[in-house]
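Novice: Dropping the structure in here first, questions after.
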Amino acid sequence: MRYVILISGRGSNMDAILAADLPGRCVAVISNRPDAVGLLHAAARGIVTVALDHKAFPDRAAFDAALAAEIDRHAPDLVVLAGFMRVLGEDFVRRYQGRILNIHPSLLPCFPGLGTHEAALAAGVKLHGASVHFVTSVLDSGPIVIQAAVPVLPDDTAATLAARVLAQEHVIYPLAVRWFLEGRLRLIDGCVRLADETPASGALIAPVA
């Protein structure tokens, strides 16, 4: 199987996926920011990199169309959003329905959007974490594939909590991508199916320190 990774910054989740020795081939890394450090990391691995600056397009629809054309040029089976900080339009999402994954730094459906760690601290939750989900046209609301939970400690700041969550992102995202590339993970009628299991809302990794 072939997959494309979309990034906007340093690409730490991209690095975790590429280091996981997955049963597929990353055929391109695309960023909406030409200065994204992750492009350098991908190029160092011999992967094709593309900078597609969203600021060069008149509107979101024009950027989405150009991005889709670039993705299709590489003919991937899977599109992986790894810190891609752009909201994608409904037409774009529909084009890759069932084969586009994202990771979000919260235990969805709690705290969608930005500022998740600050929101978790303000809410006083005792568990926080990360979720891998299929992308739908509703932001951070797609069917959940897998989640990992971490404790929220009394002396946590947004930065310390983010670091603890990020470590778990690097565990669960390569795992979810592996499941898809192995043909075990599919989205069928809006439900996540893993191998021959019955429909599930997503596996949960036990809380870790």
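The values are calculated or read from the model by the stated rules, or taken from the named source; none is laboratory data. Small disclaimer: the values here were computed from a predicted structure and weren't measured. Cβ sites come from the backbone with ideal geometry, for glycine too, and all protein chains shown count toward neighbours.
Novice: Only one of 148, 158, 163 is more than 21 Å from residue 86 (Cβ to Cβ) and free of Cβ contacts under 8 Å to residues at least 40 places away in the same chain; which?
Specialist: Just a single option satisfies the conditions, and that option is 163.
Novice: With (1) in contact (Cβ under 8 Å) with a residue 12 or more places away in the chain; (2) part of a loop (DSSP other than H, G, I, E, B); (3) closer than 27 Å to residue 68 by Cα; (4) outside the structural domain of residue 8 (by TED's automatic domain parsing) as the list, and residue 88 as the residue in question, which single condition is left unmet?
Specialist: Failing condition for residue 88: (4).
Novice: Restricting to segment 133-174, what's the tally of residues that are within 20 Å of residue 5 (Cα to Cα), of a type in the set (A, V, I, L, M) and surrounded by fewer than 20 Cβ atoms within 10 Å (Cβ to Cβ)?
Specialist: Adding up the residues that qualify gives 4.
Table: residues versus (1) crowded, with 16+ Cβ neighbours inside 10 Å; (2) among the small types (Gly, Ala, Ser); (3) modelled with pLDDT of 95 or more; (4) touching a helix residue (DSSP H, G or I) at 6+ places or on another chain (Cβ under 6 Å).
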| site | (1), (2), (3), (4) |
| --- | --- |
| 4 | yes, no, yes, yes |
| 18 | yes, no, yes, no |
| 40 | no, no, yes, no |
| 43 | no, yes, yes, no |
| 46 | no, yes, yes, no |
| 87 | no, no, no, no |
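Novice: If we keep just the residues of segment 160-205 that are in contact with a strand residue (DSSP E or B) (Cβ under 7 Å, 6 or more places away or on another chain) and among the hydroxyl-bearing types (Ser, Thr, Tyr), which is modelled with the lowest pLDDT?
Specialist: Ranking the candidates gives 201 first.
Novice: State all residues of segment 94-118 that are polar (S, T, N, Q), outside any loop (DSSP other than H, G, I, E, B) and out of contact with any Leu (no Cβ under 8 Å at 6 or more places or on another chain); if no residue qualifies, say none.
Specialist: 116 - this is the single residue of segment 94-118 that is polar (S, T, N, Q), outside any loop (DSSP other than H, G, I, E, B) and out of contact with any Leu (no Cβ under 8 Å at 6 or more places or on another chain).
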